[in-house]
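Where a number appears in this text, it was derived from the coordinates with a stated rule and is not lab data. None of these values were measured; they are calculated from a predicted model. When we count neighbours, we look across all protein chains shown, and the Cβ atoms used for this are built from the backbone with ideal geometry, even at glycine.
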Amino acid sequence: MPVQDDSTNFLSKKELNSEKFYETINIEYSDLLKYLQKCKNIDGLIMDVHMIKICEKYLRYLEDCEVMNKQCFGYDVFILFNYWLYDELTNIYGSKNYSNISLGFANLQYLWSYENYSKINESNYKNM
């Protein structure tokens with residue numbers, strides 16, 4: 001059966017949507033460097049190389065997801081994204097280290113929320 005050329009295939013030849021998603025999100029895209037400074041500045045957590053990589057992919061995905069979510073996938077990519085993020089954090093901190101996993105997740109959420117809040121305020125300020 002030929003692989004259809006549509007957005008639900010991401011960049012993968014894999015059969016399962018989850019495999020396609022995870023393979024695609026783990027690609028080291030060249031544009032990840034534009035998130036490096038933002039990811040190095042997260043407070044409250046030791047930001048080792050692994051956490052910075054997760055942060056870069058997290059921000060890249062969230063920037064791109066608005067475009068992706070306007071398409072009809074037939075499944076919830078956010079569920080896959082949350083599973084991916086939790087798995088990455090448990091690989092760094094260990095599955096029993098709930099406080100660091102929660103802190104890592106909270107810091108990533110804060111960074112994304114802060115970025116969006118700053119953009120909205122900047123846009124509103126320019127419109128005054």
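Round to the nearest 0.05 the FRET efficiency obtained for L33 and K13 when R0 = 30 Å and r is the Cβ-Cβ distance.
The pair L33/K13 has a calculated efficiency of 0.65.
Simple spin-label model, 7 Å along Cα-to-Cβ: T24 to D87 in nm?
Spacing of the two 7 Å Cα→Cβ label points: 1.5 nm.
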